[in-house]
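Report on the structure given below.
None of the figures in this text is laboratory data; all of them are computed from the coordinates on show. Note that the coordinates shown come from a computational prediction; the quantities given were computed from them, not determined experimentally. Please note: Cβ atoms are built from the backbone with ideal geometry, for glycine as well, and neighbour counts cover all protein chains shown.
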Amino acid sequence: MIRFSIVGAGWRSLFFLRIARHLPEQFQVTGMVIRDADKGRELEQEWGIQSFRTVEDMAPKVDSSFAIVSVPRAVAPRITLQLAHMGIPVLCETPPAKDLEGLISLHAELKRLGEKAKVQIAEQYAFQPNHAARIQLARSGRLGSISQAQISVAHDYHGISLIRHYLGLRFENAVIQAYAFESPITKGPNFQGAPREDGITTSRQVIANLRFGDKLAVYDFTDDQYFSWIRSPRTLVRGDKGEINNFEVKYLHDFQRPVEATLRRTYAGHDGNLEGFYLKDILLGDEYVYRNPFIPGRLTDDEIAVATCLYKMHEYTKGGPAFYGVAEASQDHYLGLQIHAAVASGEVVETTKQPWAE
């Protein structure tokens, strides 16, 4: 049983509540800090959780391995540091601070706390099943040395995180060229649900080239992509012996024998199957390149990824390895900020080494 508390009651907090509801034998929310008393009572009734108004009130009254900080990025550093000073491990939502100044300040404060501060960041995209399978394949050596990743999946730091995972990067500097492009698009669904009427709106797209020495990344994202029915995510990863193009994989058995295969998702619950309804695994031919660790939970891919963060954070608090620290999260957010700086200026932007890269 993995027990955790939550600070914040926004949209992202609901992901953690849903995971605990779908997998009650694995996860339990022991308490939530919700400043608004009325909203706290509503969530208590809806989700069966205990709410508190402050961190100081909740901390001594709950039994949890760690606390999730799911608050606006402007205040996330303050809450993270407050918990760290109290000796409570923290899983903070992305990004860990609003801007470069905030990232540098947070790094300095955590460095002063030393080993007392156990902080990781809940960056889930690399743990989504499709990406986890592709990353596993990219790291297997089957594609040779990876030199290029074209990612049209997620915005800012999320997209950059995937780029670094696919290219095997840490804190290397980048040369960035970027621009924005606007085009008309038919109105689609959003946070509130399906569109209520027909109409045209403006779609803003940001495209950036990032050169990391001899490695190239192409970042491409439109603001409506997460919900759109007519805009698809795209992933292309290229090495000197093969490539992944979304779900199609090409590689060389040897220099005279090319192989083509497809990443195939398998589910329970189809065609009369009575096991339940959930993703089982992802195969490349007869090879399992991903297996869902949260069967039989009825989770979306993103919820599976968030649950993976929870599991890894629990292991980290017990002495296990770090999986996505503040330094990595800061680097991803920094690169995302620099992309927007390149768009705004129209100039080539060169990143510089930041304190967390030490």
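The tail of the calculated P(r) for the stretch 2-122, taken as Cα-Cα distances beyond 24 Å, holds 23 percent of the pairs. Within the same chain, lysines fewer than 8 places from Lys118 are excluded, and of the rest, those with a Cα less than 24 Å from its Cα are Lys61, Lys98, Lys312, Lys318, Lys353. When the trypsin sites (Lys or Arg not before Pro) in the stretch 288-326 are filtered for DSSP coil states and for at most 10 other beta-carbon atoms within 10 Å of their beta-carbon, the remaining sites are Lys318.
Can you tell me the length gained on complete extension of the stretch Arg204 to Lys111, counting 0.36 nm per residue apart and subtracting the Cα distance? Show your work: numbers first, answer last.
Values: separation 93, 0.36 × 93 = 33.48 nm, distance 3.84 nm.
Contour length minus the Cα-Cα distance gives 29.6 nm.
When you restrict to C-alpha pairs under 8 Å that are six or more residues apart and normalise by the size of the chain, the relative contact order lands at 19 percent. Calculated mean residue ellipticity, 222 nm, the chain: -9500 deg cm²/dmol, from DSSP H runs (n ≥ 4) at -39500 (n - 2.57) each, averaged per residue and rounded to 500. Dimensions of the chain based on its C-alpha atoms, expressed as ranges along the principal axes with the largest first, amount to 65, 56, 51 Å. Placing a pseudo-label 7 Å from each Cα along the Cα-to-Cβ vector at Arg196 and Arg41 gives an inter-label distance of 2.9 nm. Taking a straight Cα-Cα cut-off under 18 Å and skipping sequence neighbours fewer than 8 places away in the same chain, the lysines within cross-link reach of Lys250 are Lys241.
Could you give the length gained on full extension between Leu236 and Lys61, defined as 0.36 nm per residue of separation minus the Cα-Cα distance, in nm? Numbers along the way, then the final one.
Details: separation 175, 0.36 × 175 = 63.00 nm, distance 4.81 nm.
Gain on stretching Leu236 to Lys61: 58.2 nm.
Ranked from highest to lowest mean number of other Cβ atoms within 10 Å per residue, what is the order of the peptides 79-86, 222-229? Display every interim value, and only then the final one.
Working: 79-86: 19.5, 222-229: 16.6.
For the peptides 79-86, 222-229, the packing ranking is 79-86, 222-229.
Just to check, using Stokes-Einstein with a Kirkwood Rh over alpha carbon pairs, what's the diffusion coefficient of the stretch 154-217 at 25 °C and 0.890 mPa s in µm²/s?
Taking Rh from Cα pairs, D becomes 171 µm²/s.
Give me the log10 of I(q) over I(0) for the stretch 195-298 at q = 0.17, 0.24 Å⁻¹, as the Debye formula computes it from C-alpha points; what are the numbers? Evaluating at q = 0.17, 0.24 Å⁻¹ gives log10 I(q)/I(0) of -1.06, -1.21.
Please sort by residue number the GluC sites (Glu not before Pro) in the stretch 1-71 whose DSSP state is loop and whose Cβ has at most 10 other Cβ atoms within 10 Å. Mind showing how you got there, number by number?
Details: sites: Glu25, Glu42, Glu44, Glu46, Glu56; in loops: Glu25.
Hits after loop and neighbour filter: Glu25.
Based on DSSP, what percent of beta bridges with both residues in the chain are antiparallel, to the nearest 5?
Details: 53 of 75 bridges.
Of the beta bridges lying entirely in the chain, close to 70 percent run antiparallel.
Exposure proxy check: Tyr290, Tyr166, Tyr316 ranked by fewest other beta carbons within 10 Å?
On the way: Tyr290 24, Tyr166 27, Tyr316 21.
Ascending Cβ contact count within 10 Å gives the list Tyr316, Tyr290, Tyr166.
Each residue in Ser345, Ser105 was given a count of other beta-carbon atoms within 10 angstrom of its own, and listing them fewest first yields Ser345, Ser105.
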